[in-house]
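For reference, the structure discussed in these notes is given below.
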Amino acid sequence: MILDANASTGFQWQLAGDASPQLAAIGTRIYVSRGDPRAMGAGGINVFRFRGEQPGQAALQFEYRRPWEPGVPAAKTIRYPVTVQ
């Protein structure tokens, strides 16, 4: 899963909930800068990887939020339905 992000704002995509038993996360979220990483305010992407574990349907929900603001609603929420065969 690849989601546009901008780490300079403090916001990060976070997986909300658990998609098991159909899916298992592979590693942790990775941030990749687009362009020169020394440039202030340069955007990038968050990369999440998953492995199909068991046939069935699941949903991956991601929230775009600042990790130090736990009581604040997410700035964005995206939900992806997934079918594992």
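Take the Cα atoms of the chain, build their convex hull, and give its volume per residue in Å³.
Values: hull volume 8.2 nm³, N = 85.
Enclosed volume per residue, from the Cα hull, is 96 Å³.
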Low-density loop chymotrypsin sites (Phe, Trp or Tyr not before Pro), segment 41-70, at most 16 other Cβ within 10 Å, DSSP non-H/G/I/E/B, are 68
Carbon plus sulfur, as percent of the 1.4 Å-probe accessible area of the chain, comes to 53 percent
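The values are calculated or read from the model by the stated rules, or taken from the named source; none is laboratory data. Just so we're clear, the structure is a prediction, and the values are computed from it rather than from any experiment. Don't worry about glycine lacking a Cβ; one is built from the backbone with ideal geometry, like all the others, and counts go over all protein chains shown. These accessible areas exclude ligands, DNA and RNA; they are computed on the full protein's heavy atoms, side chains included. Shrake-Rupley method; radii C 1.70, N 1.55, O 1.52, S 1.80 Å.
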